[in-house]
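Notes follow the structure.
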Amino acid sequence: MESGFLSVILISSFVIYFSHSAMSITESNWNDVVVTRIGSPTTLVCTDTTVRGAVAINWMMKSLGADEWKLVLSANERKEFSGDASKGSMRLTDPNFQDTGVFSLFFLPKMEDQGLYSCLIKQERKLKERIILLAILTVTIVPAEPIPQYSTLRLIANVNPNFAITRITWTAPGGIPMKSEKLQNTGTVAKLPQLQTSDTGVYVCLVHPWGNSSNDLFAFNVVVSIDVDKVASFNNITHGPMISTATVAQTLFPLTCPTLRGDYVLLYWQPPDVRRQNNMKLIFQYDHWRGSISTERSQRLQLAGPPYNAQAGSFSFLLTPEIKDGGLYICEVYLNDNTFSQRTLLSVLKVRAKRFSSKLELLCQYSELSHVQRADWKHQNKSRQLQSFSHSPGIIITTLPLPITADTAGNYTCTLQLNNRQAVWATHTVTLPPEESTVTAPSLLPSLSALLLLVPLVAVAVGVLLWRQKHISDRGIEQSLSFHSGEAKNIYENPEDIRQPPPQGSVYMDLKPRGEDDVYKELERYEQCQG
């Protein structure tokens with residue numbers, strides 16, 4: 001009886017303490033954060049190894065938004081009491097807490113158990129308190145397991161209270177990071193479209209706590225199993241109105257897709273002027289969750305940029321078509337189990353010229369004839385009527401005689417009109433030929449004549465030089481003979497003897513030796529005289 005009375009006094013003293021200390025507790029001043037799942041064995045750790053002997057422990061709980069604390073459990077070295085907030089699974093992890101200093105609380109939480117928990121240790125007049133925030137994680141797998149193949153797997157994680165964490169991330173089997181998005185009123189969602197058997201395995205939900213926490217993150221395994229005998233069906237298809245249009249070859253053309261945000265997009269194409277369903281080809285696919293892309297026309301077809309954002313699930317395409325790229329395009333956007341489709345019937349127009357010896361052909365070629373009403377050529381001079389003909393479907397030809405004149409030159413426009421009255425056109429410019437130049441190349445005859453004249457002059461000069469040298473040599477011999485016969489001793493004593501008048505009509509050439517280029521200098525003098 002006395003022991004019970006003392007216990008009541010102990011509990012009352014704790015309640016008085018909490019009625020004052022609770023006033024200072026807010027949603028941000030906890031000592032630790034614990035994140036757990038409903039029904040998972042959970043321990044709120046509270047220890048003090050410095051405490052021994054006569055000691056009392058009180059566990060109190062305060063729901064979020066509540067004003068008062070409620071007793072969960074109270075115990076001393078002699079007895080343990082349960083309070084109004086106690087659950088059937090709640091107990092101290094160590095009954096000998098007075099010897100070990102371990103006052104941790106164990107239980108199997110439910111959603112309503114989220115909130116603040118206080119561990120208050122009292123020894124004589126000494127009090128020690130530890131505040132723990134308990135958050136509950138819920139994970140939803142859609143569709144329900146086992147999941148059919150080619151379904152869009154949705155892993156949805158949510159933590160209450162949400163201010164207990166900073167973010168939630170996901171990893172796929174093998175530790176591969178997954179893309180996720182935080183959606184209002186839903187939680188953090190990670191998706192895997194077009195699920196295959198290879199996607200079976202253990203996925204990990206990583207919860208990152210906010211504020212004071214003894215753990216950097218909390219990891220929770222989620223097992224995903226796939227039904228290999230069942231394939232998902234996408235029968236809920238919403239079709240947009242058919243778009244019938246045309247464009248000019250090698251110009252940028254926007255291919256429209258459904259406007260809603262989706263998980264992934266598929267683009268199909270049927271070649272122009274073909275209406276066999278089995279001829280439909282998948283030419284582009286993009287999964288913004290996996291970040292995977294596949295295309296057969298990387299150079300001419302690409303995902304459109306702003307205002308679209310493929311990485312966020314907003315899809316459209318840009319096509320730079322050739323004439324063969326006309327036809328039927330089907331853009332399908334998938335969101336969860338729903339499909340949205342947009343069809344575009346496209347004609348591509350191209351003009352070109354083909355030159356022959358006597359004429360110039362202007363060809364207007366177009367594809368996807370099924371929705372074309374007519375095509376014709378026109379000259380910039382509206383009063384000029386053009387004759388056109390066609391030797392095969394999808395091509396209109398007009399001819400121009402050569403040479404091109406001022407009347408036939410100018411802009412020629414081929415206009416393609418569709419059944420819905422939409423029109424597209426392309427222009428080819430025919431220009432006048434360049435005027436023939438009247439400037440003739442400079443004649444080479446004067447240079448050749450001078451060269452031919454120079455050759456005999458050089459020969460004559462060389463011959464004269466050789467003759468004079470021989471003549472002087474002969475005279476030297478005669479002078480030598482005359483010296484021995486008593487004649488003049490030196491040929492230079494009577495210079496008149498060796499001077500002869502120049503022949504009539506000839507040119508005087510002074511051949512006194514002056515160097516190795518004497519002949520060329522005499523030729524220069526000769527040319528001057530001739531001039």
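Could you tell me which residue of the range 407-425 is nearest to the chain's Cα centre (by Cα), considering only residues that are surrounded by fewer than 16 Cβ atoms within 10 Å (Cβ to Cβ) and not in a strand (DSSP E or B)?
The selected residue is Gln422.
Starting from the range 206-235, take each residue that is farther than 20 Å from Thr169 by Cβ and list its partners that are open to solvent by 40 Å² or more (accessible area, probe 1.4 Å) and of a type outside the set (S, T, N, Q), counting only C-beta distances under 6 angstrom and pairs at least six apart or across chains.
Listed pairs, sorted by first residue: Ser225/Glu145; Ser225/Pro146; Asp227/Pro146; Val231/Tyr150; Ala232/Tyr150.
Listed here are the residues, each with its yes/no results for (1) touching a Cys at 6+ places or on another chain (Cβ under 7 Å); (2) among the β-branched types (Val, Ile, Thr); (3) buried (at least 19 other Cβ atoms within 10 Å of the Cβ).
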| residue | (1), (2), (3) |
| --- | --- |
| Met111 | no, no, no |
| Arg130 | yes, no, no |
| Ala144 | no, no, no |
| Thr171 | no, yes, no |
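Got a sec? Which of Asn221, Asn185, Asn212, Asn235 is polar (S, T, N, Q), surrounded by fewer than 15 Cβ atoms within 10 Å (Cβ to Cβ) and modelled with pLDDT of 95 or more?
Asn221
Starting from residues that are surrounded by 15 or more Cβ atoms within 10 Å (Cβ to Cβ) and outside any strand (DSSP E or B), keep the ones in the range 39-48 and report whichever is farthest from the chain's Cα centre (by Cα).
Filtering the range 39-48 for residues that are surrounded by 15 or more Cβ atoms within 10 Å (Cβ to Cβ) and outside any strand (DSSP E or B), the one farthest from the chain's Cα centre (by Cα) comes out as Asp48.
Filter the range 203-238 down to the residues that are in a strand (DSSP E or B) and touching a Ser or Thr at 6+ places or on another chain (Cβ under 6 Å) and list them by number.
Val204, Leu206, His208, Ile226, Val228, Ile237
Taking only pairs six or more apart or across chains, which ones have beta-carbon atoms under 7 Å, a first residue in the range 49-70 that is open to solvent by less than 10 Å² (accessible area, probe 1.4 Å), and a second residue that is part of a loop (DSSP other than H, G, I, E, B)?
Sorted first by the residue in the range 49-70, then by its partner, the pairs are Val51/Gly101; Val55/Glu77; Ile57/Phe103; Met60/Trp69.
I'd like to verify a number: residues in the range 188-202 that are open to solvent by 30 Å² or more (accessible area, probe 1.4 Å) and part of a loop (DSSP other than H, G, I, E, B), how many?
The qualifying residues number 3.
Quick one: what pairs do we get from the range 349-374, first residue basic (Lys, Arg), second buried (at least 16 other Cβ atoms within 10 Å of the Cβ), C-beta under 6 Å, 6+ apart or different chains?
The qualifying pairs are Lys350/Ala249; Lys350/Ile323; Lys350/Gln365; Arg352/Leu363; Lys359/Thr399; Arg374/Gln417.
Could you please find all residues in the range 238-290 being hydroxyl-bearing (Ser, Thr, Tyr) and either open to solvent by less than 60 Å² (accessible area, probe 1.4 Å) or without any contact (Cβ under 8 Å) to a residue 60 or more places away in the chain (or both)?
Passing the criteria: Ser244, Thr245, Thr247, Thr251, Thr256, Thr259, Tyr264, Tyr268, Tyr286.
Going through the range 91-109 one residue at a time, which ones are free of Cβ contacts under 8 Å to residues at least 24 places away in the same chain, of a type outside the set (S, T, N, Q) and assigned to a loop (DSSP other than H, G, I, E, B)?
The answer is Asp94, Pro95.
Report yes if some residue within the range 299-312 is in contact with a Cys (Cβ under 7 Å, 6 or more places away or on another chain) and at pLDDT 95 or above; otherwise report no.
No, the range 299-312 has no match at all.
Can you run down the residue pairs with Cβ atoms below 9 Å, 6 or more apart or on separate chains, where the first is in the range 154-171 and closer than 10 Å to Thr188 by Cβ and the partner is open to solvent by 60 Å² or more (accessible area, probe 1.4 Å) and charged (D, E, K, R)?
Final answer for the pair search is Arg167/Lys182; Ile168/Lys182; Trp170/Lys179.
I'd like the residue in the range 49-80 that is β-branched (Val, Ile, Thr) and outside any loop (DSSP other than H, G, I, E, B) and, out of all such residues, is nearest to Gly101 (Cα to Cα).
Top of the filtered list is Ile57.
The values are calculated or read from the model by the stated rules, or taken from the named source; none is laboratory data. It should be emphasised that the depicted structure is a prediction, and the values quoted were computed from it without experimental measurement. Virtual Cβ from ideal backbone geometry, glycine too; neighbours counted across all protein chains shown. Keep in mind that these areas ignore ligands, DNA and RNA; they rest on the heavy atoms of the full protein, side chains included. Shrake-Rupley method; radii C 1.70, N 1.55, O 1.52, S 1.80 Å.
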